[in-house]
Amino acid sequence: METKIKKLPKGRVELTVELSSSEFDEFIKEAEKELSYEKEIPGFRPGKAPIEIIRSEIGETKIYERAAKLAIEKTYWQAVLEKNLKPIELPKIEILKMARDNPFVYKATFSVLPEVKIGEIKKIKVKRRKPKITEKDVEKLLREIQISRRKEVKVDREIRKGDRLEIDIDMFLNKVPIEGGQGRNVSYLLGESSYLPGLEEKLIGAKPGEIREFSLEYPEDFHDKRLAGRKVDFRVKINSVYEIELPNLDDNFAQSVGNFKTLEELKEQLKRNLEDEGKIKEEERLELEILDKLINISSFEEIPEILLENEKEKMISELEESLNELNLKFEDYLLHLKKTKEDLKNDLSPQAEKRIKTILIIKKLAEENNLFVKEDELEKEINELLDYYKYDLETQREIRTDEYRQFLKNMMLNRKVINWLKNQVTIEEE
């Protein structure tokens, strides 16, 4: 068997495989044998008819088609391994020559995983920043805890700032109801909610049972692109009004929250919690900076179109999920941007390429440095997750699937590679 490789644009290769006539004869014999068992020939048991009769009954064309199929199935992967290729899609096969007593030649065209040459990791320098937690950050978190421990008393009076309301709300754009713009018995805490500037002022002074109708203009940068910069009509019915009683922020409050003697102790703990959270976020930022710098000093073969397309489709799906969580439609989002889905995919190309390069670098580092996830490590992680979700049967079923097992293994390998990488670069402390 002889093989030749020709590199094509956009990360594709052309693999030509040639079998000598004697090599191909073996596949012809195998094809004749298979077909003799499949074809009923009068007077003979399956597979026992003389070869001349088999050829006459089945026909040379069908025999050669089967022989070609068998030859390609067996030799394609042999050739791929021989040339150390890493296909990322099924090949497009084209038979170039096929005749008795002649070599059998075919061509396979497919995209391959790009090679990456890792740059000098030791040259990378980054700075770890110290999280800066202000008194305002602590007070904000303390306020959230205070509100979560509030007491409520239902009252029959006009609305005041600080009350919690239960309202029916209907929103209209050009007198047409907005999809997702209706709610019944919606909870709304005045002074703490920041859905839309001006909304609270329109409600203050109303009483239970009262209906208020008014218009508000949404900010140009509002997250719902259907409404950004547009005037929306509201119809709000006040169902209930609750007066809020907040606990005093004192030592007794601290003791009710946890094992704290004084309010100052609670504040100190909140500050430490915020600092720990800040450190986690800083490590995530630091890791991304290291990977970005490594991408910039590494060299990559051309990224195949199929990889880019798959990554862009994945990013579009992630965007659609995010919009769904905000009760927004992907089609409306595109309409606001004045773009088609293809336009958006083109815009995402640089980001998709960067994500692919990150994956390639992590894969290469794992191979070069013999980094892998041991089965006992994976089992330990799975068992810990199963124990954590022991009362959630649906999540437990998901954890036990092969798909989740592979996902978790990939995540653990990524973490191993990134931790290894952080030990190789120079990290300066701020």
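Before moving on, here are some points about what is shown:
- Filter pass, L360 being surrounded by 15 or more Cβ atoms within 10 Å (Cβ to Cβ), in contact (Cβ under 8 Å) with a residue 40 or more places away in the chain, among the hydrophobic types (A, V, I, L, M, F, W, C) and touching a strand residue (DSSP E or B) at 6+ places or on another chain (Cβ under 6 Å): yes
- Number of positions in the range 226-237 that are in contact with a helix residue (DSSP H, G or I) (Cβ under 8 Å, 6 or more places away or on another chain) and either without any contact (Cβ under 8 Å) to a residue 40 or more places away in the chain or crowded, with 18+ Cβ neighbours inside 10 Å (or both): 3
- Residue in the range 13-38 that is farthest from the chain's Cα centre (by Cα), counting only those that are hydrophobic (A, V, I, L, M, F, W, C) and under 28 Å from L308 (Cα atoms): L15
- Of the residues making up the range 389-426, those that are exposed (fewer than 12 other Cβ atoms within 10 Å of the Cβ) and more than 23 Å from the chain's Cα centre (by Cα) number 5.
- Residue count for the range 257-279, restricted to those that are small (G, A, S) and either surrounded by 13 or more Cβ atoms within 10 Å (Cβ to Cβ) or modelled with pLDDT of 95 or more (or both): 1
- Any hit, the range 104-114, residues being of a type in the set (A, V, I, L, M, F, W, C), surrounded by 12 or more Cβ atoms within 10 Å (Cβ to Cβ) and assigned to a helix (DSSP H, G or I): no
- Yes/no for K10 being within 29 Å of L308 (Cα to Cα), modelled with pLDDT under 95 and in contact with a helix residue (DSSP H, G or I) (Cβ under 6 Å, 6 or more places away or on another chain): yes
- In the set (1) of a type outside the set (A, V, I, L, M, F, W, C); (2) part of a helix (DSSP H, G or I); (3) out of contact with any helix residue (DSSP H, G or I) (no Cβ under 9 Å at 6 or more places or on another chain), the condition left unmet by E320 is number (3).
- Of all residues in the range 164-206, those satisfying the criterion of being part of a loop (DSSP other than H, G, I, E, B) and surrounded by 15 or more Cβ atoms within 10 Å (Cβ to Cβ) are L190, L196, A206.
- Here M171 meets each of (1) farther than 24 Å from A254 by Cα; (2) over 36 Å from the mean Cα position of the chain (by Cα); (3) touching a residue at least 60 places away in the same chain (Cβ under 8 Å) with one exception, condition (2).
The values are calculated or read from the model by the stated rules, or taken from the named source; none is laboratory data. What you are looking at is a predicted structure, and each value in this text was computed from that prediction instead of being measured. A quick note on method: Cβ atoms are made from the backbone with ideal geometry, for glycine too, and the neighbour counts reach across all protein chains shown.
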